[in-house]
Amino acid sequence: MKPLYLLPLALFGAALATPLAAQAPARTVIHAGHLLAEPGKPARGASTIVVEGGKILSIADGHQPAEPGATLIDLKDKYVLPGLIDSHVHLTSDAGGIAGQLEEITLSPAAQAFNAEVNGMKTLRAGFTTVRNLGDGDGATLALRDAILAGKVQGPRIVDAGASISGSAGHMDGSLGYRDELRPFFAGAGNTCNGADDCRRAVRLQIGRGADVIKFASTGGVNSRIGAGLGKQMFDDEARAIVETAHLFGKKVAVHAHGADGIRLAIDAGADSIEHGTILDDATIAAWAKSKTYYVPTLSTVNGYKERLAANPDTYEPDVLAKIKWRISITGKSLETLVPRGVRIAFGTDAGVSKHGRNGDEFELMVQHGMTPVEALKAATVNAADLLGLSEQIGTIAPGKSADIIAVASDPVADVRILKKVDFVMARGEVID
(Lines give C-alpha, C1' and ligand atoms only; values in the text may rest on other atoms or scores of the structure.)
Protein backbone atom coordinates (compact mmCIF):
# COMPACT_ATOMS: atom_id res chain seq x y z
CA MET A 1 0.00 0.00 0.00
CA LYS A 2 1.25 3.48 -0.86
CA PRO A 3 2.04 5.90 1.96
CA LEU A 4 -0.98 8.06 2.79
CA TYR A 5 0.71 11.16 1.46
CA LEU A 6 0.88 9.55 -2.03
CA LEU A 7 -2.81 8.60 -2.15
CA PRO A 8 -5.30 10.71 -4.15
CA LEU A 9 -7.18 13.19 -1.99
CA ALA A 10 -10.50 11.30 -2.19
CA LEU A 11 -8.83 8.02 -1.17
CA PHE A 12 -6.97 9.84 1.63
CA GLY A 13 -10.32 10.99 3.05
CA ALA A 14 -11.73 7.49 2.79
CA ALA A 15 -8.66 6.03 4.51
CA LEU A 16 -9.22 8.32 7.48
CA ALA A 17 -13.00 8.00 7.56
CA THR A 18 -13.31 4.23 7.35
CA PRO A 19 -11.72 3.28 10.70
CA LEU A 20 -13.65 6.01 12.51
CA ALA A 21 -16.96 5.04 10.92
CA ALA A 22 -16.37 1.44 11.90
CA GLN A 23 -16.09 2.37 15.58
CA ALA A 24 -19.54 1.81 17.07
CA PRO A 25 -20.35 3.66 20.31
CA ALA A 26 -19.38 1.63 23.36
CA ARG A 27 -22.29 -0.22 24.92
CA THR A 28 -22.84 -1.01 28.57
CA VAL A 29 -25.24 -3.72 29.68
CA ILE A 30 -26.63 -3.61 33.22
CA HIS A 31 -28.21 -6.68 34.81
CA ALA A 32 -30.56 -5.41 37.53
CA GLY A 33 -32.06 -7.62 40.20
CA HIS A 34 -35.04 -5.31 40.71
CA LEU A 35 -35.77 -2.22 38.63
CA LEU A 36 -37.67 0.83 39.96
CA ALA A 37 -37.77 2.40 36.52
CA GLU A 38 -40.43 4.95 37.48
CA PRO A 39 -40.79 5.62 41.21
CA GLY A 40 -44.43 5.61 42.15
CA LYS A 41 -45.08 2.54 39.99
CA PRO A 42 -44.38 -1.12 40.94
CA ALA A 43 -40.85 -2.37 40.53
CA ARG A 44 -39.93 -4.73 37.72
CA GLY A 45 -38.10 -7.94 38.46
CA ALA A 46 -34.86 -9.04 36.83
CA SER A 47 -34.14 -6.61 33.99
CA THR A 48 -31.50 -5.70 31.44
CA ILE A 49 -30.68 -2.06 30.70
CA VAL A 50 -28.57 -1.23 27.65
CA VAL A 51 -26.69 2.08 27.70
CA GLU A 52 -25.01 3.69 24.71
CA GLY A 53 -23.69 7.19 24.10
CA GLY A 54 -24.66 8.36 27.56
CA LYS A 55 -28.31 7.43 27.06
CA ILE A 56 -30.55 4.47 27.82
CA LEU A 57 -30.96 2.48 24.63
CA SER A 58 -33.36 -0.23 25.78
CA ILE A 59 -34.85 -2.10 28.74
CA ALA A 60 -35.79 -5.77 28.64
CA ASP A 61 -37.15 -8.29 31.10
CA GLY A 62 -34.73 -10.90 32.40
CA HIS A 63 -30.96 -10.92 32.20
CA GLN A 64 -30.19 -10.83 28.51
CA PRO A 65 -26.69 -11.75 27.29
CA ALA A 66 -24.31 -8.89 26.55
CA GLU A 67 -23.16 -8.72 22.96
CA PRO A 68 -19.42 -9.09 22.21
CA GLY A 69 -17.46 -5.97 23.11
CA ALA A 70 -20.08 -4.60 25.50
CA THR A 71 -19.28 -3.92 29.14
CA LEU A 72 -21.41 -5.96 31.55
CA ILE A 73 -22.30 -4.56 34.97
CA ASP A 74 -23.70 -7.11 37.39
CA LEU A 75 -26.30 -5.60 39.74
CA LYS A 76 -28.35 -8.78 40.08
CA ASP A 77 -28.42 -8.46 43.86
CA LYS A 78 -29.38 -4.75 43.81
CA TYR A 79 -32.39 -2.50 43.49
CA VAL A 80 -31.75 -0.22 40.52
CA LEU A 81 -33.44 3.16 40.18
CA PRO A 82 -33.03 6.56 38.50
CA GLY A 83 -30.33 8.95 39.62
CA LEU A 84 -31.62 11.15 42.44
CA ILE A 85 -32.22 14.90 42.16
CA ASP A 86 -31.59 17.47 44.89
CA SER A 87 -33.50 20.64 44.03
CA HIS A 88 -31.75 22.89 46.56
CA VAL A 89 -28.00 22.90 47.18
CA HIS A 90 -25.16 25.40 47.63
CA LEU A 91 -22.05 23.65 46.35
CA THR A 92 -19.37 26.23 47.15
CA SER A 93 -19.33 25.58 50.90
CA ASP A 94 -20.84 23.82 53.88
CA ALA A 95 -19.27 26.05 56.50
CA GLY A 96 -21.83 27.82 58.67
CA GLY A 97 -22.17 30.69 61.07
CA ILE A 98 -19.13 32.85 61.72
CA ALA A 99 -16.90 30.34 59.90
CA GLY A 100 -19.04 30.70 56.79
CA GLN A 101 -18.88 34.47 57.01
CA LEU A 102 -15.09 34.27 57.25
CA GLU A 103 -14.95 32.10 54.13
CA GLU A 104 -16.79 34.79 52.19
CA ILE A 105 -13.92 37.23 52.71
CA THR A 106 -10.95 34.85 52.61
CA LEU A 107 -11.70 32.42 49.74
CA SER A 108 -11.14 33.54 46.18
CA PRO A 109 -13.62 32.57 43.46
CA ALA A 110 -11.03 30.03 42.29
CA ALA A 111 -10.89 28.45 45.74
CA GLN A 112 -14.68 28.36 45.87
CA ALA A 113 -14.72 26.62 42.49
CA PHE A 114 -12.47 23.86 43.85
CA ASN A 115 -14.78 23.57 46.87
CA ALA A 116 -17.75 23.27 44.53
CA GLU A 117 -16.07 20.51 42.53
CA VAL A 118 -15.25 18.51 45.67
CA ASN A 119 -18.74 19.00 47.09
CA GLY A 120 -20.26 18.12 43.74
CA MET A 121 -18.42 14.80 43.76
CA LYS A 122 -19.55 14.07 47.32
CA THR A 123 -23.10 14.68 46.13
CA LEU A 124 -22.69 12.57 43.01
CA ARG A 125 -21.19 9.64 44.91
CA ALA A 126 -24.21 9.83 47.23
CA GLY A 127 -26.41 9.03 44.23
CA PHE A 128 -27.55 12.54 43.29
CA THR A 129 -26.82 12.84 39.61
CA THR A 130 -28.58 16.21 39.21
CA VAL A 131 -28.70 19.23 41.52
CA ARG A 132 -30.21 22.70 41.41
CA ASN A 133 -27.67 25.13 42.84
CA LEU A 134 -29.59 28.06 44.33
CA GLY A 135 -27.08 30.78 45.00
CA ASP A 136 -23.46 31.58 44.16
CA GLY A 137 -22.44 35.19 43.72
CA ASP A 138 -19.00 34.59 42.19
CA GLY A 139 -19.99 32.28 39.35
CA ALA A 140 -18.00 29.27 40.55
CA THR A 141 -20.85 26.83 40.04
CA LEU A 142 -21.77 28.34 36.68
CA ALA A 143 -18.21 27.53 35.59
CA LEU A 144 -18.37 24.07 37.17
CA ARG A 145 -21.67 23.38 35.40
CA ASP A 146 -20.06 24.15 32.05
CA ALA A 147 -16.92 22.14 32.83
CA ILE A 148 -19.03 19.09 33.70
CA LEU A 149 -21.10 19.46 30.53
CA ALA A 150 -17.89 19.69 28.49
CA GLY A 151 -16.55 16.50 30.11
CA LYS A 152 -13.56 18.27 31.67
CA VAL A 153 -14.42 17.08 35.19
CA GLN A 154 -16.88 14.69 36.77
CA GLY A 155 -19.84 15.97 38.72
CA PRO A 156 -23.62 16.05 38.86
CA ARG A 157 -25.69 17.82 36.24
CA ILE A 158 -26.09 21.36 37.63
CA VAL A 159 -29.08 23.63 37.14
CA ASP A 160 -27.72 26.95 38.38
CA ALA A 161 -29.33 30.15 39.63
CA GLY A 162 -26.30 32.41 39.57
CA ALA A 163 -26.63 34.94 42.39
CA SER A 164 -29.86 34.92 44.37
CA ILE A 165 -31.93 38.10 44.34
CA SER A 166 -33.57 40.09 47.13
CA GLY A 167 -34.41 43.63 48.06
CA SER A 168 -31.72 45.69 49.73
CA ALA A 169 -31.29 44.57 53.35
CA GLY A 170 -33.07 41.35 52.39
CA HIS A 171 -31.86 37.80 52.90
CA MET A 172 -29.60 37.80 49.83
CA ASP A 173 -27.93 41.13 50.57
CA GLY A 174 -24.29 40.09 50.97
CA SER A 175 -23.38 43.27 52.81
CA LEU A 176 -25.37 42.41 55.93
CA GLY A 177 -23.32 42.12 59.10
CA TYR A 178 -20.26 44.04 57.90
CA ARG A 179 -18.94 47.44 58.91
CA ASP A 180 -20.43 50.39 57.02
CA GLU A 181 -17.29 51.15 55.05
CA LEU A 182 -17.08 47.52 53.85
CA ARG A 183 -20.71 47.11 52.88
CA PRO A 184 -20.44 48.65 49.37
CA PHE A 185 -17.83 46.04 48.50
CA PHE A 186 -20.04 43.10 49.56
CA ALA A 187 -23.12 44.61 47.94
CA GLY A 188 -21.40 44.76 44.56
CA ALA A 189 -22.87 41.61 43.01
CA GLY A 190 -25.85 43.51 41.55
CA ASN A 191 -28.29 40.97 42.97
CA THR A 192 -30.20 43.34 45.25
CA CYS A 193 -32.97 45.51 43.88
CA ASN A 194 -35.36 48.26 44.90
CA GLY A 195 -38.55 48.74 42.92
CA ALA A 196 -40.03 46.72 40.06
CA ASP A 197 -37.80 48.13 37.31
CA ASP A 198 -34.65 47.49 39.34
CA CYS A 199 -35.79 43.94 40.07
CA ARG A 200 -36.23 43.33 36.35
CA ARG A 201 -32.65 44.52 35.89
CA ALA A 202 -31.44 42.09 38.58
CA VAL A 203 -33.12 39.16 36.83
CA ARG A 204 -31.72 40.12 33.43
CA LEU A 205 -28.25 40.36 34.98
CA GLN A 206 -28.39 36.75 36.16
CA ILE A 207 -29.83 35.53 32.87
CA GLY A 208 -27.02 37.34 31.07
CA ARG A 209 -24.52 35.51 33.26
CA GLY A 210 -26.00 32.22 32.08
CA ALA A 211 -28.35 31.32 34.95
CA ASP A 212 -30.69 28.38 34.27
CA VAL A 213 -33.18 29.36 36.96
CA ILE A 214 -33.89 32.49 38.99
CA LYS A 215 -34.01 32.49 42.78
CA PHE A 216 -35.17 35.33 44.98
CA ALA A 217 -36.04 35.85 48.64
CA SER A 218 -39.50 37.17 49.46
CA THR A 219 -38.89 36.95 53.22
CA GLY A 220 -36.11 37.19 55.76
CA GLY A 221 -33.81 34.24 56.33
CA VAL A 222 -32.64 32.16 59.26
CA ASN A 223 -28.98 32.78 58.48
CA SER A 224 -29.33 36.47 57.60
CA ARG A 225 -27.13 38.58 59.84
CA ILE A 226 -29.95 41.01 60.63
CA GLY A 227 -32.65 40.97 63.28
CA ALA A 228 -35.47 41.80 60.84
CA GLY A 229 -37.54 38.67 61.28
CA LEU A 230 -38.74 36.04 58.82
CA GLY A 231 -41.76 37.79 57.35
CA LYS A 232 -42.32 39.41 53.98
CA GLN A 233 -39.48 41.70 52.85
CA MET A 234 -40.44 42.44 49.26
CA PHE A 235 -43.27 44.45 47.69
CA ASP A 236 -45.85 42.78 45.49
CA ASP A 237 -44.80 44.62 42.33
CA GLU A 238 -41.14 43.68 42.92
CA ALA A 239 -41.96 39.97 43.22
CA ARG A 240 -44.22 40.06 40.17
CA ALA A 241 -41.53 41.83 38.17
CA ILE A 242 -38.99 39.13 39.02
CA VAL A 243 -41.29 36.24 38.14
CA GLU A 244 -42.62 37.85 34.96
CA THR A 245 -39.12 38.70 33.73
CA ALA A 246 -37.78 35.22 34.43
CA HIS A 247 -40.75 33.57 32.73
CA LEU A 248 -40.37 35.94 29.78
CA PHE A 249 -36.94 34.39 29.24
CA GLY A 250 -38.22 30.85 29.82
CA LYS A 251 -36.61 30.52 33.24
CA LYS A 252 -38.31 28.98 36.26
CA VAL A 253 -38.35 30.74 39.62
CA ALA A 254 -37.48 29.38 43.07
CA VAL A 255 -38.44 31.51 46.07
CA HIS A 256 -36.86 31.48 49.50
CA ALA A 257 -39.82 32.08 51.83
CA HIS A 258 -40.41 31.41 55.53
CA GLY A 259 -43.29 33.68 56.58
CA ALA A 260 -46.83 32.97 55.38
CA ASP A 261 -47.15 36.46 53.90
CA GLY A 262 -44.02 35.96 51.77
CA ILE A 263 -45.13 32.47 50.71
CA ARG A 264 -48.51 33.80 49.60
CA LEU A 265 -46.79 36.66 47.75
CA ALA A 266 -44.65 34.16 45.80
CA ILE A 267 -47.58 31.87 44.99
CA ASP A 268 -49.70 34.77 43.77
CA ALA A 269 -46.81 35.98 41.63
CA GLY A 270 -46.58 32.57 39.91
CA ALA A 271 -43.43 31.12 41.47
CA ASP A 272 -42.50 27.60 40.39
CA SER A 273 -41.27 26.50 43.82
CA ILE A 274 -41.22 27.65 47.42
CA GLU A 275 -38.09 26.80 49.38
CA HIS A 276 -38.45 26.18 53.16
CA GLY A 277 -42.12 27.30 53.45
CA THR A 278 -41.95 27.28 57.22
CA ILE A 279 -44.93 29.32 58.48
CA LEU A 280 -48.44 28.71 57.17
CA ASP A 281 -51.92 30.13 57.66
CA ASP A 282 -55.25 28.92 56.32
CA ALA A 283 -55.34 31.33 53.40
CA THR A 284 -51.82 30.41 52.30
CA ILE A 285 -52.54 26.69 52.56
CA ALA A 286 -55.68 27.08 50.45
CA ALA A 287 -53.88 29.13 47.81
CA TRP A 288 -50.99 26.68 47.66
CA ALA A 289 -53.30 23.68 47.28
CA LYS A 290 -54.95 25.34 44.25
CA SER A 291 -51.64 26.26 42.61
CA LYS A 292 -49.04 24.29 40.68
CA THR A 293 -46.23 25.65 42.84
CA TYR A 294 -43.92 22.98 44.23
CA TYR A 295 -42.84 22.82 47.86
CA VAL A 296 -39.15 22.07 48.54
CA PRO A 297 -39.02 21.39 52.30
CA THR A 298 -35.21 21.47 53.01
CA LEU A 299 -35.64 19.60 56.29
CA SER A 300 -31.96 18.65 56.44
CA THR A 301 -31.01 22.15 57.56
CA VAL A 302 -31.78 21.06 61.13
CA ASN A 303 -29.06 18.41 60.93
CA GLY A 304 -26.46 21.01 60.01
CA TYR A 305 -27.57 23.36 62.76
CA LYS A 306 -27.59 20.69 65.45
CA GLU A 307 -24.19 19.30 64.47
CA ARG A 308 -22.50 22.71 64.46
CA LEU A 309 -24.01 23.74 67.77
CA ALA A 310 -22.98 20.44 69.35
CA ALA A 311 -19.41 21.05 68.22
CA ASN A 312 -19.38 24.74 69.20
CA PRO A 313 -22.27 26.53 70.98
CA ASP A 314 -20.84 29.86 69.78
CA THR A 315 -20.99 28.98 66.08
CA TYR A 316 -23.70 31.55 65.39
CA GLU A 317 -24.19 35.17 66.35
CA PRO A 318 -27.06 35.82 68.83
CA ASP A 319 -29.54 37.21 66.25
CA VAL A 320 -28.98 34.19 64.03
CA LEU A 321 -28.95 31.66 66.86
CA ALA A 322 -32.42 32.67 68.02
CA LYS A 323 -33.82 32.04 64.54
CA ILE A 324 -32.00 28.71 64.27
CA LYS A 325 -33.49 27.43 67.52
CA TRP A 326 -36.93 28.40 66.25
CA ARG A 327 -36.28 26.69 62.90
CA ILE A 328 -35.25 23.47 64.63
CA SER A 329 -38.43 23.50 66.71
CA ILE A 330 -40.81 23.97 63.77
CA THR A 331 -39.13 21.95 61.00
CA GLY A 332 -41.39 19.39 59.36
CA LYS A 333 -44.70 20.85 60.49
CA SER A 334 -45.39 22.47 57.10
CA LEU A 335 -44.77 19.21 55.29
CA GLU A 336 -47.17 17.42 57.63
CA THR A 337 -49.80 20.03 56.76
CA LEU A 338 -49.25 20.30 53.00
CA VAL A 339 -48.94 16.63 52.01
CA PRO A 340 -52.60 15.81 52.84
CA ARG A 341 -53.68 18.92 50.91
CA GLY A 342 -52.12 17.59 47.70
CA VAL A 343 -49.38 20.21 47.33
CA ARG A 344 -46.69 18.96 44.97
CA ILE A 345 -43.43 18.12 46.77
CA ALA A 346 -39.93 18.12 45.26
CA PHE A 347 -36.87 16.89 47.12
CA GLY A 348 -34.35 19.48 48.29
CA THR A 349 -31.94 19.58 51.21
CA ASP A 350 -30.30 23.04 51.29
CA ALA A 351 -26.97 21.17 51.39
CA GLY A 352 -24.38 23.70 52.33
CA VAL A 353 -26.38 24.43 55.46
CA SER A 354 -26.27 20.66 56.00
CA LYS A 355 -23.29 18.60 54.86
CA HIS A 356 -22.70 17.77 51.22
CA GLY A 357 -22.77 14.05 50.51
CA ARG A 358 -25.36 13.48 53.23
CA ASN A 359 -28.26 14.50 50.98
CA GLY A 360 -29.92 11.10 51.50
CA ASP A 361 -30.67 12.02 55.13
CA GLU A 362 -33.59 14.09 53.83
CA PHE A 363 -35.54 10.95 52.90
CA GLU A 364 -35.79 9.79 56.50
CA LEU A 365 -36.95 13.24 57.64
CA MET A 366 -39.58 13.41 54.88
CA VAL A 367 -41.02 10.08 56.00
CA GLN A 368 -40.93 11.14 59.65
CA HIS A 369 -43.01 14.18 58.73
CA GLY A 370 -45.84 12.72 56.74
CA MET A 371 -44.66 11.23 53.45
CA THR A 372 -44.57 7.57 52.48
CA PRO A 373 -41.26 6.17 51.20
CA VAL A 374 -42.80 6.00 47.71
CA GLU A 375 -43.82 9.67 47.87
CA ALA A 376 -40.38 10.70 49.12
CA LEU A 377 -38.64 8.74 46.37
CA LYS A 378 -40.97 10.18 43.74
CA ALA A 379 -40.19 13.68 45.07
CA ALA A 380 -36.48 13.07 44.38
CA THR A 381 -37.01 11.71 40.86
CA VAL A 382 -40.24 12.24 38.91
CA ASN A 383 -41.34 15.40 40.73
CA ALA A 384 -37.93 17.04 40.90
CA ALA A 385 -37.36 16.39 37.21
CA ASP A 386 -40.68 18.08 36.47
CA LEU A 387 -39.80 21.06 38.68
CA LEU A 388 -36.47 21.50 36.90
CA GLY A 389 -38.10 21.19 33.48
CA LEU A 390 -36.03 18.11 32.69
CA SER A 391 -38.62 15.33 32.62
CA GLU A 392 -37.66 14.38 29.08
CA GLN A 393 -34.09 13.73 30.20
CA ILE A 394 -34.11 12.50 33.80
CA GLY A 395 -36.34 11.29 36.65
CA THR A 396 -37.10 7.81 35.27
CA ILE A 397 -35.22 5.00 33.58
CA ALA A 398 -36.59 4.84 30.05
CA PRO A 399 -35.23 4.52 26.50
CA GLY A 400 -33.91 7.82 25.18
CA LYS A 401 -33.30 9.34 28.61
CA SER A 402 -29.95 10.18 30.14
CA ALA A 403 -28.25 7.14 31.66
CA ASP A 404 -28.40 8.44 35.24
CA ILE A 405 -28.72 5.22 37.22
CA ILE A 406 -28.02 4.21 40.83
CA ALA A 407 -28.31 0.99 42.83
CA VAL A 408 -28.84 0.16 46.50
CA ALA A 409 -28.68 -3.08 48.44
CA SER A 410 -32.36 -3.39 49.37
CA ASP A 411 -35.83 -2.08 48.56
CA PRO A 412 -36.02 1.69 49.29
CA VAL A 413 -39.82 1.46 49.31
CA ALA A 414 -39.60 -0.91 52.28
CA ASP A 415 -37.03 1.24 54.11
CA VAL A 416 -36.10 4.60 52.62
CA ARG A 417 -33.02 4.83 54.85
CA ILE A 418 -31.16 2.57 52.43
CA LEU A 419 -30.84 5.64 50.17
CA LYS A 420 -28.27 6.99 52.63
CA LYS A 421 -25.88 4.33 51.29
CA VAL A 422 -25.79 4.11 47.52
CA ASP A 423 -23.69 1.25 46.13
CA PHE A 424 -23.48 2.17 42.44
CA VAL A 425 -23.69 5.42 40.51
CA MET A 426 -23.78 6.03 36.76
CA ALA A 427 -24.07 9.60 35.51
CA ARG A 428 -24.78 10.23 31.83
CA GLY A 429 -23.51 6.74 31.01
CA GLU A 430 -20.28 7.04 32.98
CA VAL A 431 -19.70 4.85 36.01
CA ILE A 432 -18.58 6.99 38.95
CA ASP A 433 -15.76 5.61 41.08
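Determine whether region 76-90 contains at least one residue that is in a helix (DSSP H, G or I), open to solvent by 10 Å² or more (accessible area, probe 1.4 Å) and modelled with pLDDT of 95 or more. Outline the logic, then answer.
Of the residues in region 76-90, the ones in a helix (DSSP H, G or I) are none.
There is no residue in region 76-90 that is in a helix (DSSP H, G or I), open to solvent by 10 Å² or more (accessible area, probe 1.4 Å) and modelled with pLDDT of 95 or more.
With the structure loaded, tell me whether THR123 is in contact with a helix residue (DSSP H, G or I) (Cβ under 9 Å, 6 or more places away or on another chain) and either open to solvent by 10 Å² or more (accessible area, probe 1.4 Å) or not small (Gly, Ala, Ser) (or both) or whether it fails that test. Walk me through it before giving the result.
Working: in contact with a helix residue (DSSP H, G or I) (Cβ under 9 Å, 6 or more places away or on another chain): no; either open to solvent by 10 Å² or more (accessible area, probe 1.4 Å) or not small (Gly, Ala, Ser) (or both): yes.
Considered against the rule, which asks whether it is in contact with a helix residue (DSSP H, G or I) (Cβ under 9 Å, 6 or more places away or on another chain) and either open to solvent by 10 Å² or more (accessible area, probe 1.4 Å) or not small (Gly, Ala, Ser) (or both), THR123 comes out as no.
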Selected residue (only one of ILE274, ILE263, ILE279, ILE267 is outside any helix (DSSP H, G or I) and in contact with a Phe, Trp or Tyr (Cβ under 8 Å, 6 or more places away or on another chain)): ILE274
Return only the number of the condition from (1) surrounded by fewer than 24 Cβ atoms within 10 Å (Cβ to Cβ); (2) under 19 Å from VAL89 (Cβ atoms) that ASN359 does not satisfy. (1)
Of the conditions (1) more than 24 Å from LYS76 (Cα to Cα); (2) in contact with a strand residue (DSSP E or B) (Cβ under 6 Å, 6 or more places away or on another chain); (3) of a type in the set (Val, Ile, Thr), ILE394 fails just one. Which one is it? (1)
Go through (1) surrounded by 24 or more Cβ atoms within 10 Å (Cβ to Cβ); (2) part of a helix (DSSP H, G or I); (3) under 23 Å from the mean Cα position of the chain (by Cα) for VAL253 and report which single condition fails. (2)
Please go through region 36-55 and give me each residue that is under 24 Å from the mean Cα position of the chain (by Cα) and surrounded by 19 or more Cβ atoms within 10 Å (Cβ to Cβ), ordered by number. LEU36, ALA37, PRO39
Filter region 93-128 down to residues that are more than 14 Å from the chain's Cα centre (by Cα) and part of a helix (DSSP H, G or I), then give me how many there are. 20
Whichever residue in region 189-204 is crowded, with 23+ Cβ neighbours inside 10 Å and not β-branched (Val, Ile, Thr) and, among such residues, is modelled with the lowest pLDDT: ASN191
For region 266-284, enumerate the residues that are touching a Lys or Arg at 6+ places or on another chain (Cβ under 6 Å) and of a type in the set (A, V, I, L, M, F, W, C). ALA269
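Looking at LEU265, is it modelled with pLDDT under 95 and crowded, with 21+ Cβ neighbours inside 10 Å? Give the derivation first.
Working: modelled with pLDDT under 95: no; crowded, with 21+ Cβ neighbours inside 10 Å: yes.
No.
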Could you tell me whether any residue of region 95-107 is open to solvent by less than 70 Å² (accessible area, probe 1.4 Å) and under 28 Å from ALA407 (Cβ atoms)? no
Over region 297-356, the set of residues open to solvent by 50 Å² or more (accessible area, probe 1.4 Å) and of a type in the set (Lys, Arg) is LYS306, LYS325, LYS333, ARG341, ARG344, LYS355
Residues ILE397, ILE406: which one is over 22 Å from GLY357 (Cα atoms) and open to solvent by less than 10 Å² (accessible area, probe 1.4 Å)? ILE397
Looking at the structure I just gave you, is SER108 farther than 30 Å from ALA26 by Cβ and among the polar types (S, T, N, Q)? yes
Which of (1) open to solvent by 10 Å² or more (accessible area, probe 1.4 Å); (2) at pLDDT 95 or above; (3) not in a loop (DSSP other than H, G, I, E, B) does VAL131 not meet, given it meets every other one? (1)
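For region 134-180: of the residues being part of a strand (DSSP E or B) and among the β-branched types (Val, Ile, Thr), which is surrounded by the most Cβ atoms within 10 Å (Cβ to Cβ)? I'd like the intermediate steps shown before the answer.
Residues of region 134-180 part of a strand (DSSP E or B): 157-160, 165-167.
Pick out the ones that are also among the β-branched types (Val, Ile, Thr) and you get 158-159, 165.
Numbers: ILE158: 23, VAL159: 22, ILE165: 31.
Among those that are part of a strand (DSSP E or B) and among the β-branched types (Val, Ile, Thr), it is ILE165.
The values are calculated or read from the model by the stated rules, or taken from the named source; none is laboratory data. Computed from a predicted structure; not experimentally measured. When we count neighbours, we look across all protein chains shown, and the Cβ atoms used for this are built from the backbone with ideal geometry, even at glycine. Each accessible area value is taken on the protein alone, full model and side chains, heavy atoms only, with ligands, DNA and RNA left out. Shrake-Rupley method; radii C 1.70, N 1.55, O 1.52, S 1.80 Å.
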